[in-house]
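The values are calculated or read from the model by the stated rules, or taken from the named source; none is laboratory data. Keep in mind that what you see is a predicted model, and the values were worked out from it rather than measured. All Cβ positions, even for glycine, are placed from backbone atoms using ideal geometry, and neighbour counts span all protein chains on display. Side chains included, ligands, DNA and RNA excluded: accessible areas come from the protein's heavy atoms. Shrake-Rupley method; radii C 1.70, N 1.55, O 1.52, S 1.80 Å.
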Amino acid sequence: MIIQQVGMAGTLESSDIMISIEPNGTKGIEIELKSTVENQFGNQIRKVILETLQEMGIEHAYIRANDKGALDCAIKARVMTAVSRVVEGDCRPWEAE
């Protein structure tokens, strides 16, 4: 899938994460992370974002993540929602076929 535009998902509330996704040409996946727990969990947050994008077939995207202590499941859900908002076609990976 190719990112066509800028999209967002999430909030800046405690225990949530705001994900912004935008096109990145052919530069691969770049992640800019701001987090209240970056020293402790920054690598894990980046890993969850990257794995989720790879599972969805995204090869090139620029991600801005502003984390307020979100759990892995919330991070994954926000990334999936942001992607579904910016790709062409019907992309709802959480629905059964």
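Things worth noting here:
- Of all residues in region 3-61, those satisfying the criterion of being open to solvent by 70 Å² or more (accessible area, probe 1.4 Å) and within 17 Å of Glu88 (Cβ to Cβ) are Gln4, Gln5, Val6, Glu59.
- Pair list, Cβ under 8 Å, 6 or more apart: region 26-45 residue in contact (Cβ under 8 Å) with a residue 60 or more places away in the chain and outside any strand (DSSP E or B), other residue open to solvent by 70 Å² or more (accessible area, probe 1.4 Å) and among the β-branched types (Val, Ile, Thr): none
- Where a residue in region 63-74 is within 12 Å of Val48 (Cα to Cα) and its partner, wherever it lies, is part of a helix (DSSP H, G or I) and at pLDDT 95 or above, with Cβ under 7 Å and at least six apart: Ala65/Ile45; Ala65/Ile49; Asp72/Val48
- Being of a type in the set (A, V, I, L, M), modelled with pLDDT of 95 or more, out of contact with any Pro (no Cβ under 6 Å at 6 or more places or on another chain) and outside any loop (DSSP other than H, G, I, E, B) is a description that applies to Ala65.
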